[in-house]
Structure formats: structure tokens, C-alpha cells
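Only one structure is covered here, and it is reproduced in the block below.
The values are calculated or read from the model by the stated rules, or taken from the named source; none is laboratory data. No experiment lies behind these values; they were computed from the predicted model shown. For neighbour counting, all protein chains shown are included, and Cβ atoms are generated from backbone atoms with ideal geometry for every residue, glycine included. Only protein heavy atoms, including side chains, enter the accessible area calculation; ligands, DNA and RNA are left aside. Shrake-Rupley method; radii C 1.70, N 1.55, O 1.52, S 1.80 Å.
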Amino acid sequence: MISGRDRTSENECNKLLSGTGFMTIANADQSTPFGQADTHWEKGGRPIDIAKSQAFIAGNEVHVWLAQIGSLPACQEVLSQEEVRQAASFRSPHDQFRYQFSHRLLRFLLAAYIEIQPSAIHFQKNRFGKPSLLHHDIPFALEFNMSHSRDHVCYVLARNRAVGIDLEFLDPDFEWDGIGQAVFSREEQDLLKSMPEAEQNRVFFQLWTRKEAQLKALGLGLAALDLEADRAERFAIENLQLVPFCYQNHYVGTVATDSDTPVVRFCSFKGQDAFRT
């Protein structure tokens, strides 16, 4: 917890982390600063059922799904030739497997939400590399985004609204100072320096996920991080809503979406039931 003498820094950090304000978080605890409390993740629900929730269909709910790499039974959804080539481009067998697993699971998730076969899904990318669904005959736009870190992968899905997500492992040995100077605004750098040393690592990763999720929701992706930090900040839009989350106190993340402050519903896969149709 942050002591009383650091209350100003806490308020400034909450302001930075929240953008224009926190979205409503379903079953999540905002009582501790910087997302230290573990977010409650619903377990055991099937995507095919949760996708039919009236709140999601009405556009009032954003869904986040999380899975541990390799924790589920083999997901045999067919990858495209491009995905097969991309997987093969990784030198590490672990990285190849992580790519295959996360993209097969993405196809399975999207198929549950738009009710088609996973192998029938086709993607297109904008000039910054953000993927979207291509030419699917559905009466709404299903927006999605994916992020993985270490041995976990997470996805965000929404109807008719831009979304972005980033997940990061809280690596205590990560030397973030140089990266912070390269990609953070002056205000963010000053904030980090003002924090108690014990909080700096967590706040760095939370601010990092905030920036990545924001850029991804805007369709810019990580390419925008190559820009000077102050210039990258200009891409922000006023009604972009951000919400931090935490998993097992070892991972932090941020969901970003535009307007209307919908509820964010957090779900995690549990065993073979997730794949039953």
C-alpha cells in the first residue's frame, strides 16, 4: 500500500492509468492502488454460451478471455498458410508452439462469437499490422485483440467498438529505466521517479500496458512506440476508456475501448468443457 506521504503520487498515477475514467469492471477489485488485487476471473464458462449474453449482444459488455499456453486439450483448428509460415519463422520450438496455440485458440473464440467454423475465418491487417475479420456475413462488427506474455495469452472481444489489450509478466529483474525514457512521456517518467521503489516495477508495467492497449485500440499497434514519446501521445482520443487488471499477482494488463464505458467481463478457460459445442 502507498503511504500517506505518497497520496499525491497515487492520485496522479490513478489519473494516468484510467485515461478519461475507469470502465465498470465485472467482478474485479479496484480497492487497492495500481491493480494489486487479483481480478476475479470466471472459470468454466464456454465461449459459445458467454458469447450469447444479452449484454454483449447489446454492445454493453466487453469480454476478456485468458488461457495458459498448453493448458487446454489440443485445439486442432486449422491455421492459414500465412499463420503456418509465421509459426515456422520462430527459431525457438517454444515460440512456435505458443504462436500456434494462441492463434488456434483465437480462431476457436472468434468462431464461437460469430457462429462459423474456425477454419472458415479469414483475416485482414491494416497498415500497422492490426488484424480484423475479413468479409464475414454478420450484422455487426466483431472487434478483437490479443496479447501474450510468458506462458499466458489473453484476448478481448467486443461488438461494434474498437478494442485493444496488453498483458505483461511482472518481471522483477527487468531493467525498465532505459525503455521508459524512450517511450514514456515526461509526465509518466516523472511519475515513475516519484513512486516508492517497491512500487516502481509494477507501475512501470501497468503504464506500459496502458500505452500498448491504447495504441492497439487505435489501430496503431507497437509501430507507434517507435515514435518519439510525446508525439505518440497525440494519437490519444478523448473518449478512449482504459481499465487495468491483474492475474495471480504475477501479471498486469490493460483493456482499452472507445466510448460508452461498457462492463468488462473477465473469463478464463477451464479444461475440456471449454471446447464443447
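Note on segment 1-100: enclosed helices (runs of 4 or more DSSP H) holding 2 or more residues that are surrounded by 14 or more Cβ atoms within 10 Å (Cβ to Cβ) and modelled with pLDDT of 65 or more are 47-50, 54-57, 81-88. Against the test of being touching a Cys at 6+ places or on another chain (Cβ under 7 Å) and either on the phi < 0 side of the Ramachandran plot or among the basic types (Lys, Arg) (or both), the options Ser132, Ser147, Ser119 yield a single qualifying residue, Ser147. Any residue at all in segment 166-183 that's among the aliphatic types (A, V, I, L, M), under 30 Å from Ala120 (Cβ atoms) and either open to solvent by 10 Å² or more (accessible area, probe 1.4 Å) or assigned to a strand (DSSP E or B) (or both)? Yes, the conditions are met somewhere in segment 166-183. Every condition in (1) within 19 Å of Gln124 (Cα to Cα); (2) part of a strand (DSSP E or B) holds for His148 except the one numbered (1).
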